[in-house]
Amino acid sequence: MDETPITSDRKLWRAVLEQAYADAELSLSLDGSEPVERLRARIFLRANSSQEEAALSLVCEFADIPTDRVIPWARKRYPLAA
């Protein structure tokens with residue numbers, strides 16, 4: 001089994017992805033509005049534009065996480081509002 005070692009750099013970039021996930025899972029505010037952090041994190045993880053996809057791909061590359069698994073998962077979990 002060929003495993004890539006988890007370096008401190010990889011840990012840092014994985015923490016970036018973990019924070020994006022945590023932010024994307026934030027609850028609505030008491031007044032029913034969507035927190036800005038939640039909105040931005042969901043946009044980042046869905047990567048709907050080529051610019052957003054490039055940014056997420058770079059983070060995933062640094063984290064050694066497959067982008068082709070993150071994006072479909074995020075688009076299913078956080079669909080765009082109708």
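The values are calculated or read from the model by the stated rules, or taken from the named source; none is laboratory data. Predicted model, so just to flag it, every value in this text is computed and none were measured. Because the Cβ atoms are built from the backbone with ideal geometry, glycine has one as well, and the counts that use them run over all protein chains shown.
General observations
Yes or no, residue by residue, for (1) in a helix (DSSP H, G or I); (2) surrounded by 15 or more Cβ atoms within 10 Å (Cβ to Cβ):
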| position | (1), (2) |
| --- | --- |
| 10 | yes, yes |
| 34 | no, no |
| 57 | yes, yes |
| 70 | yes, yes |
| 76 | yes, no |
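- Leading residue by the ranking (modelled with the lowest pLDDT) among those in region 1-37 that are closer than 19 Å to residue 60 by Cα and touching an Asp or Glu at 6+ places or on another chain (Cβ under 6 Å): 4
- Test: residue in region 38-47 that is part of a loop (DSSP other than H, G, I, E, B), within 13 Å of residue 70 (Cβ to Cβ) and in contact (Cβ under 8 Å) with a residue 24 or more places away in the chain: yes
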